[in-house]
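Asker: Structure in structure tokens, see below.
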Amino acid sequence: MIVEITLAILVGCFLGIISGLTPGIHINLISVTILAASPFLLQYTSPIVLILAIIAMSITHTFLDFLPSCFLGAPDPETVLTVLPGHRLLQEGKGYEAVRLSTVGSISGLILVIILAPILIFLTRNYYDSIKIAIPYLLIICAAFLILRESNSKLWALILFLLSGVLGIATLNSTVSQPLFPLFSGLFGISTLIVSLKDNNTIPLQTITKPIIKFRQMVKALSSGFLASIFCGTLPGLGVAQASILATTVSKKWTPQTFLILNGAVNTMVMFTSVITLYTIGKARSGEIVIMQKLIAEITFQTFIMIVITAITAGIIATMLALKIAKIFSRLITKISYKKLCISIILLITALVALLTGLQGLFILIVSTFVGMLPPLVGIGRNHLMGSLIVPVLLFFLL
Amino acid sequence: MEDEKTFKIILAISLIGVLSLLILVKTLEIPLTNIGNLTESNIDKTAKVQGNISSITETQGLYLINLKDATGKLTIVVFKNKQDLNLKKRQAIEVQGKVIEYKGELEIQASVINLK
């Protein structure tokens, strides 16, 4: 069993490298593929081993997904807010420093959320039922707050929130077996790649520098990130981008450096909080957790401990990987044909959507890609496209 | 100018696309089937049935609902944690899910349950 678990962690980390570094490919896609292959895989191993692989992959992904955001300007839904601060540092020749800040945030966030897990478990178990009735109202308040906080056009933020909401309703009511895959691939994956193809940035020579991280920066990022992560990791429909924005309401002054630590921490903390939510109340709050739920009916205490150990191990491995790969990226970034890379990824995702979800899924992908291109065109954040999940969740609770 | 034109085109396509998707989903909606009309040819396909609950049995990991309509009866399997099961005997429900075979009998693994 120890050999199987070790192999699961290593395979999971490897898959996390692929999903984290490849723009447009999300852990949901790989999790869906693992689920599709599970009848074959379960002849040789147990569901727990597959789950530990998904955990290792998810944790590694949260450490590495900042790299394409920073170096290629191609974020996924979790790192969509990091493009500007990351790119700013990249343009100063400090891409490696940006990755280091995000990685420090991720590993610190992981340690913090694991240390505080007993408290989170206690609170969720004892108070979730009390706040369950308030979930739709909390979601409405949160969505309204995020729209009102939009510095550019609040009207367009509302329109796109609602438009993506209608798109989400239509998609989730379709007969496609994995509807979130083409939906998110279009909204956040391919649309981002198409828009970034238009920008012909030249990247300056990168230097390997270590940032000076002040203790106060860490405390600010971790404390506000932790509170926002509990909120967003427990409530349905809310994700990392929303958690990062909520966390920044604590204080007005956020330097690019502190924001990168915050987003790194929140990215990993939201992921682990959703595991705690599954363990305590059996609710899945993200795509990969839904897949885990399909593989195993219940998470026991022993399974949870194994998940914690896996998360810590994967976190340590991912920290080393992120820093090593960032050095390689820094050296290679000026040599990569970004256009060819983007086009290859777009074709790959399209092929996978067609294969796994058929013509209907392909149509969803095309429509969601066009909707996904709208936010940068009107100058607002892509986080409002999470209306595609929030609106259906609201309707589920209210109707 | 160019950007405004691009934006209008993308917005138009988005709106038409979302509307078309809504119409498509409605058109492709799974039709309601009588329980008695389900056969082995439905195995591994999605079906939608409607009926009254005659019994609910809880086991470790799942609920088994005995559903009856005018044409027959069927076992509906609901995995625990998929959704909160707040159903009672004699309640009328609509169930959509994958048709499976278990010990020679047809069952439906529910993905959606709606009250009627």
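The values are calculated or read from the model by the stated rules, or taken from the named source; none is laboratory data. Since the model is a prediction, treat every value here as computed from it, not as a measurement. Virtual Cβ from ideal backbone geometry, glycine too; neighbours counted across all protein chains shown.
Asker: Condition first: surrounded by fewer than 17 Cβ atoms within 10 Å (Cβ to Cβ) and in contact (Cβ under 8 Å) with a residue 60 or more places away in the chain. Now tell me which residues in region A:344-361 satisfy that. Spell out how you get there, then give the answer.
Answerer: Kept after step one, since they are surrounded by fewer than 17 Cβ atoms within 10 Å (Cβ to Cβ), are these residues of region A:344-361: A:344, A:347-348, A:351, A:354-355, A:358-359.
Answer for region A:344-361, where residues must be surrounded by fewer than 17 Cβ atoms within 10 Å (Cβ to Cβ) and in contact (Cβ under 8 Å) with a residue 60 or more places away in the chain: A:Leu348, A:Gly358.
Asker: Do we find that A:Ile208 is of a type in the set (A, V, I, L, M, F, W, C) and over 29 Å from A:Met373 (Cα atoms) in this structure?
Answerer: Here the answer is yes, as A:Ile208 does meet what is asked.
Asker: Right, next: Among A:Ala311, A:Ala322, A:Ala351, which is the only one that is part of a helix (DSSP H, G or I), among the small types (Gly, Ala, Ser) and farther than 22 Å from A:Ala53 by Cα?
Answerer: Going through A:Ala311, A:Ala322, A:Ala351 in turn, the sole match is A:Ala351.
Asker: Collect the residues in region B:15-32 that are modelled with pLDDT of 90 or more and either among the aromatic types (Phe, Trp, Tyr) or more than 15 Å from A:Ile169 (Cα to Cα) (or both), keeping them in residue-number order.
Answerer: B:Ile16 - this is the single residue of region B:15-32 that is modelled with pLDDT of 90 or more and either among the aromatic types (Phe, Trp, Tyr) or more than 15 Å from A:Ile169 (Cα to Cα) (or both).
Asker: Another one. Go through region A:189-215 and count every residue that is assigned to a helix (DSSP H, G or I) and either within 17 Å of A:Gly264 (Cβ to Cβ) or in contact with a His (Cβ under 8 Å, 6 or more places away or on another chain) (or both).
Answerer: Step one: list which residues in region A:189-215 are assigned to a helix (DSSP H, G or I), which gives A:189-198, A:215.
Filter once more, so that each one left must be either within 17 Å of A:Gly264 (Cβ to Cβ) or in contact with a His (Cβ under 8 Å, 6 or more places away or on another chain) (or both): A:189, A:215.
The qualifying residues number 2.
Asker: State all residues of region B:64-84 that are modelled with pLDDT under 85 and surrounded by 15 or more Cβ atoms within 10 Å (Cβ to Cβ); if no residue qualifies, say none.
Answerer: Hits for region B:64-84 are B:Phe79, B:Lys80, B:Asn81, B:Lys82.
Asker: Another question, if that's okay. Among the residues of region B:1-16, write down those that are of a type outside the set (Lys, Arg), assigned to a helix (DSSP H, G or I) and loosely packed, with under 11 Cβ neighbours inside 10 Å.
Answerer: B:Glu2, B:Asp3, B:Glu4
Asker: In region A:153-191, which residue that is of a type in the set (S, T, N, Q) and closer than 16 Å to A:Ala241 by Cβ is farthest from the chain's Cα centre (by Cα)?
Answerer: Checked region A:153-191; the qualifying residue farthest from the chain's Cα centre (by Cα) is A:Ser164.
Asker: Condition check: more than 18 Å from the chain's Cα centre (by Cα), away from every other protein chain (no Cβ under 14 Å) and either within 30 Å of A:Ile2 (Cα to Cα) or not aliphatic (A, V, I, L, M) (or both). Does A:Thr319 satisfy that?
Answerer: Values: more than 18 Å from the chain's Cα centre (by Cα): no; away from every other protein chain (no Cβ under 14 Å): yes; either within 30 Å of A:Ile2 (Cα to Cα) or not aliphatic (A, V, I, L, M) (or both): yes.
The answer is no for A:Thr319.
Asker: Looking at (1) modelled with pLDDT of 80 or more; (2) touching a Phe, Trp or Tyr at 6+ places or on another chain (Cβ under 8 Å); (3) under 30 Å from A:Thr124 (Cβ atoms), which is the only condition A:Thr207 fails?
Answerer: (3)
Asker: Now for a different question. Determine the pairs where a residue that is within 17 Å of A:Pro136 (Cβ to Cβ), located within region A:379-395, has a partner that is assigned to a helix (DSSP H, G or I) and of a type in the set (Ser, Thr, Tyr) with Cβ atoms under 8 Å apart, the partner being 6 or more residues away or on another chain.
Answerer: A:Met386/A:Ser164; A:Gly387/A:Ser164; A:Ser388/A:Ser164; A:Ser388/A:Thr171; A:Ser388/A:Ser368; A:Val391/A:Ser164
Yes/no matrix, rows are residues, columns are (1) without any contact (Cβ under 8 Å) to a residue 24 or more places away in the chain; (2) buried (at least 19 other Cβ atoms within 10 Å of the Cβ); (3) small (Gly, Ala, Ser):
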{"site": "A:Gly95", "(1), (2), (3)": "no, yes, yes"}
{"site": "A:Arg100", "(1), (2), (3)": "no, yes, no"}
{"site": "A:Gly105", "(1), (2), (3)": "no, yes, yes"}
{"site": "A:Leu148", "(1), (2), (3)": "yes, no, no"}
{"site": "A:Ala157", "(1), (2), (3)": "no, yes, yes"}
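Asker: Same structure, new question: Residues that are within 14 Å of another protein chain (Cβ to nearest Cβ), touching a Leu at 6+ places or on another chain (Cβ under 7 Å) and not small (Gly, Ala, Ser), at least 2 per element: which helices (runs of 4 or more DSSP H) completely within region A:223-303 meet that? Full working, then the answer.
Answerer: Numbers: elements: A:240-247, A:256-281, A:287-295.
Output list reads A:287-295.
Asker: Give the residues of region A:326-342 that are surrounded by fewer than 19 Cβ atoms within 10 Å (Cβ to Cβ), touching a helix residue (DSSP H, G or I) at 6+ places or on another chain (Cβ under 8 Å) and part of a helix (DSSP H, G or I), sorted by residue number.
Answerer: Within region A:326-342, A:Lys327, A:Lys339, A:Leu341 qualify.
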